[in-house]
Amino acid sequence: MVNFTDILMVWISVFLVFCVFSYCYRENPLFRLAEHLFVGLSVGYGISYDLWYFKNYGYLPVVYQGRYDYLIWMLIGLGYYFFFSRRYFWLYRLPISIGIGYGTGMALRSVIRSDLIGQINTTIKLSLIGVDPLTTLNRFVIVFGTMLAVVFFIFTLELKGALSYIPKTGRYIILAALGASFGNTIMGRESLLIQRIQLMMGSKYFPWEAAGIGTVEAGSYAWIMTLICAAILLYMIYTDHVKSRRAAAEATATGN
Amino acid sequence: MSTWYERLENIDPRWIYLLVYIVIAIPIIIPLPSPLAITPYTRDAFEAVEKLPPGSLVVLSFDYSGANPELHPQAIAVLRHVVRRPLYIYIVGMWSDGPVMADQIWKVIDKTGYDPEDPTKLITKEYGKHIVNLGYLATTALIVGVYDTITKMMTIDFYGNSIDSLPLVKKFDGIKYASLVISFAAGSPGPATYLQYWATQNPNMKFVVGSPGVSAPGFMPYYEAGKLGEIGYVGVIISMRGAAEYETLLGEIGLTGAVAALNAQSAVHYLLVVVVILGNLGYYLRKYGGGGR
């Protein structure tokens, strides 16, 4: 038995997806409705989550577990609000300096190992000859590509003559990496679009329950709202067409 | 009278949007089976879970928000896989929405799997005993702290249960006991944070990343590093395609819907290639075919 609430959830989802997609046609009140709803929900969600977090990780440990040491850090944290005071602005610097000091210390200890030494080790250890020609090509691209791309960012010494080809090749390597990233971005955006269209079509392959939008049975009613949305879009197109014809007729009349 | 390529260059982009919509909708309405080659990145990620000895602890980090259909199918497939295997599971999230996403999946997923205590026995996995959602890791201090001792850093889990009362937390009171960390990462903070704060402390801990398409090239050097035993990832699941591959390897087709979406993805790829070729053709014909500006 399909629950009407589930169907309603599906219809609301489909309608909001349509509101966002309608921007592809033109800016319109439906798009703004979805936009404002999203902003409002995000801010409300963020605030409620922060309050929940404060309750469970600040208030409850202090009141019920006797963690009075937390009060010291809470007081220091309150220093952030002195950003708004000219007289006590210096207090704002206290949490900032602790945060920066802690963050820099942690990063220096770990980032150098994970992002620098580990990666240099890999580039050195990587055998250029792989199990097949394509792997070998990949390895050459990684090892020489790394070196050439790094040379591109040497700005203190101008490489002239034949040497000027080294940073130039490095630039091509960087552009190829950006191309790969852009191609992957397109694939990612397509994935977003495909799943939204699965939702609008009421596809049984859409993960209705795992996405928290009703059930597969309720999803099979999505097409009804999709048809209503299509009718709204056609109406928008029709009214625009009528308006443009009227404007053209008025322009002709004024010209005469 | 304008030439065909001039008309093509000046086409209203809304026609292209409509064409893209139609090209995606047709394979969704008429689903057809399509061959799917498994990439080594996904296979390595799958193998990383498959090779874990029974009783191992796996950490799944949900570092994305609700608006990410690339990562949600990956997370469904991987969570099902780790539930099926005789493993213990911690769920965390560096994005506030992440643990909510995990909760949505946990509520509906098939919880049948092999018992970590007795890997020959099929059981229904229980919350608190086999899996715990630790919730949102809001700060670096928390990420660093839970590595060593969870009970010192957290008071409650995602559902508000007292951390001390959960049998799994009593068994593994720290992320340091984990053999594998899998992060589904839409951006920053993401798996790089775990590499910095967890991998640097424990070289035996393995990492897998579930990546959206846009971030995948950035993870590749770390994947090469991980394969060589350096700090990096031993597997990378890329976008919806990666989810489809994982679903296929898992042998539970239809679990995430990703396999069914691949025909639509191929169709729209072909369309985009044709549109890019036509656009460039029009540009060069105008430039060199007598109509240059």
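The values are calculated or read from the model by the stated rules, or taken from the named source; none is laboratory data. Quick caveat, the model's predicted, so the values are computed rather than measured. For neighbour counting, all protein chains shown are included, and Cβ atoms are generated from backbone atoms with ideal geometry for every residue, glycine included.
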Counting only residues that are of a type in the set (A, V, I, L, M) and in contact (Cβ under 8 Å) with a residue 24 or more places away in the chain, give me the strands (runs of 3 or more DSSP E) lying completely in the stretch B:62-131 with at least 3 of them. B:88-93
For the stretch A:1-24, enumerate the residues that are out of contact with any Phe, Trp or Tyr (no Cβ under 8 Å at 6 or more places or on another chain), touching a residue at least 60 places away in the same chain (Cβ under 8 Å) and assigned to a loop (DSSP other than H, G, I, E, B). A:Asn3
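I'm checking my understanding of the structure. Among residues of the stretch B:245-260 that are within 15 Å of the chain's Cα centre (by Cα) and within 10 Å of chain A (Cβ to nearest Cβ), which one is nearest to A:Gly188 (Cα to Cα)?
From the stretch B:245-260, those within 15 Å of the chain's Cα centre (by Cα) are B:245-250, B:255-259; that's our starting set.
From what is left, the residues that are within 10 Å of chain A (Cβ to nearest Cβ) are B:255-259.
Details: B:Leu255: 20, B:Thr256: 16, B:Gly257: 16, B:Ala258: 13, B:Val259: 15 Å.
Within the stretch B:245-260, the match that is nearest to A:Gly188 (Cα to Cα) is B:Ala258.
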Would you say A:Ser191 is in a helix (DSSP H, G or I) and in contact with a Pro (Cβ under 9 Å, 6 or more places away or on another chain)? yes
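Looking only at the stretch B:248-269, which residues are out of contact with any Asp or Glu (no Cβ under 7 Å at 6 or more places or on another chain) and without any contact (Cβ under 8 Å) to a residue 12 or more places away in the chain?
Of all residues in the stretch B:248-269, those out of contact with any Asp or Glu (no Cβ under 7 Å at 6 or more places or on another chain) come to B:248-252, B:254, B:257, B:260-264, B:266-267, B:269.
Result: B:Gly251, B:Gly254, B:His269.
Answer yes or no as to whether B:Ile38 is under 30 Å from A:Asp50 (Cα atoms) and among the aliphatic types (A, V, I, L, M). Spell out how you get there, then give the answer.
Working: under 30 Å from A:Asp50 (Cα atoms): no; among the aliphatic types (A, V, I, L, M): yes.
Criteria not met by B:Ile38.
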Restricting to the stretch B:189-228, and then to whatever is more than 9 Å from chain A (Cβ to nearest Cβ) and assigned to a loop (DSSP other than H, G, I, E, B), can you tell me which residue is surrounded by the most Cβ atoms within 10 Å (Cβ to Cβ)? B:Gly190
Only listed residue being out of contact with any His (no Cβ under 7 Å at 6 or more places or on another chain), assigned to a helix (DSSP H, G or I) and not assigned by TED's automatic domain parsing to the domain that holds B:Glu9, chosen from B:Tyr270, B:Tyr233, B:Tyr246: B:Tyr246
Expected output for the stretch A:202-230 (first residue assigned by TED's automatic domain parsing to the domain that holds A:Phe21 and under 11 Å from A:Asp6 (Cα atoms), partner in a helix (DSSP H, G or I) and among the polar types (S, T, N, Q), Cβ below 7 Å, 6+ apart or cross-chain) is A:Gly212/B:Gln104; A:Ile213/A:Ser13
Do we find that A:Gly214 is at positive phi, within 27 Å of the chain's Cα centre (by Cα) and surrounded by 12 or more Cβ atoms within 10 Å (Cβ to Cβ) in this structure? yes
Taking the stretch A:158-177, which residues are aliphatic (A, V, I, L, M), touching a helix residue (DSSP H, G or I) at 6+ places or on another chain (Cβ under 9 Å) and part of a helix (DSSP H, G or I)? A:Ile166, A:Ile173, A:Ile174, A:Ala176, A:Ala177
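Evaluate the following for B:Phe46: is it of a type in the set (Phe, Trp, Tyr), in contact with a His (Cβ under 8 Å, 6 or more places away or on another chain) and either assigned to a helix (DSSP H, G or I) or in the same structural domain as B:Pro119 (by TED's automatic domain parsing) (or both)?
Values: of a type in the set (Phe, Trp, Tyr): yes; in contact with a His (Cβ under 8 Å, 6 or more places away or on another chain): yes; either assigned to a helix (DSSP H, G or I) or in the same structural domain as B:Pro119 (by TED's automatic domain parsing) (or both): yes.
Taking the combined requirement at face value, the residue satisfies it.
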From B:Ile182, B:Ile131, residue being closer than 30 Å to A:Leu108 by Cα, crowded, with 16+ Cβ neighbours inside 10 Å and away from every other protein chain (no Cβ under 12 Å): B:Ile182
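Could you run through the stretch B:130-161 and say how many residues are acidic (Asp, Glu) and either outside the structural domain of B:Tyr194 (by TED's automatic domain parsing) or within 17 Å of A:Asp50 (Cβ to Cβ) (or both)?
0
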Scanning the stretch A:123-150 for residues that are under 31 Å from the mean Cα position of the chain (by Cα) and of a type in the set (Gly, Ala, Ser), the one surrounded by the fewest Cβ atoms within 10 Å (Cβ to Cβ) turns out to be A:Ala149
Going through (1) facing another protein chain (nearest Cβ under 7 Å); (2) within 23 Å of B:Ser215 (Cα to Cα); (3) surrounded by 17 or more Cβ atoms within 10 Å (Cβ to Cβ) one by one, A:Glu209 fails only at (2)
Can you tell me which condition B:Leu285 does not meet? The list is (1) hydrophobic (A, V, I, L, M, F, W, C); (2) touching a Phe, Trp or Tyr at 6+ places or on another chain (Cβ under 6 Å); (3) within 11 Å of another protein chain (Cβ to nearest Cβ), and all the others hold. (3)
Can you tell me which residue in the stretch B:101-121 is nearest to the other protein chains (Cβ to nearest Cβ), limited to those that are under 18 Å from B:Gly251 (Cβ atoms) and surrounded by 16 or more Cβ atoms within 10 Å (Cβ to Cβ)? B:Ile109
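Quick one: which of B:Ala45, B:Ala25 is of a type in the set (A, V, I, L, M) and away from chain A (no Cβ under 13 Å)?
Values: B:Ala25 fails: away from chain A (no Cβ under 13 Å).
None of the others qualify; the one that does is B:Ala45.
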Selected residue [at pLDDT 95 or above, surrounded by 23 or more Cβ atoms within 10 Å (Cβ to Cβ) and not β-branched (Val, Ile, Thr)] from B:Leu71, B:Leu79: B:Leu79
Might you let me know whether the stretch A:105-112 holds any residue that is touching an Asp or Glu at 6+ places or on another chain (Cβ under 8 Å), outside the structural domain of A:Leu175 (by TED's automatic domain parsing) and either surrounded by 14 or more Cβ atoms within 10 Å (Cβ to Cβ) or modelled with pLDDT of 85 or more (or both)? no
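Before we move on, is B:Lys107 assigned by TED's automatic domain parsing to the domain that holds B:Leu195, over 17 Å from the mean Cα position of the chain (by Cα) and at pLDDT 95 or above? Working first, answer last.
Values: assigned by TED's automatic domain parsing to the domain that holds B:Leu195: yes; over 17 Å from the mean Cα position of the chain (by Cα): yes; at pLDDT 95 or above: no.
Against the criterion (assigned by TED's automatic domain parsing to the domain that holds B:Leu195, over 17 Å from the mean Cα position of the chain (by Cα) and at pLDDT 95 or above), B:Lys107 does not qualify.
Starting from residues that are among the β-branched types (Val, Ile, Thr), assigned to a helix (DSSP H, G or I) and more than 27 Å from B:Gln196 (Cβ to Cβ), keep the ones in the stretch A:115-139 and report whichever is farthest from the other protein chains (Cβ to nearest Cβ). It would help to see each step written out before you state the result.
Narrowing the stretch A:115-139 to residues among the β-branched types (Val, Ile, Thr): A:117, A:120, A:122-124, A:129, A:131, A:135-136.
Right, trim to assigned to a helix (DSSP H, G or I) and you get A:117, A:120, A:122-124, A:135-136.
When the remaining residues are screened for being more than 27 Å from B:Gln196 (Cβ to Cβ), the result is A:135-136.
Working: A:Thr135: 10, A:Thr136: 13 Å.
That would be A:Thr136.
Picking from B:Asn280, B:Asn263, which residue would you name as being within 10 Å of chain A (Cβ to nearest Cβ), over 19 Å from B:Leu180 (Cβ atoms), surrounded by fewer than 24 Cβ atoms within 10 Å (Cβ to Cβ) and modelled with pLDDT under 90? Steps first, answer last, please.
Working: B:Asn280 fails: within 10 Å of chain A (Cβ to nearest Cβ).
Just one listed residue meets the conditions, B:Asn263.
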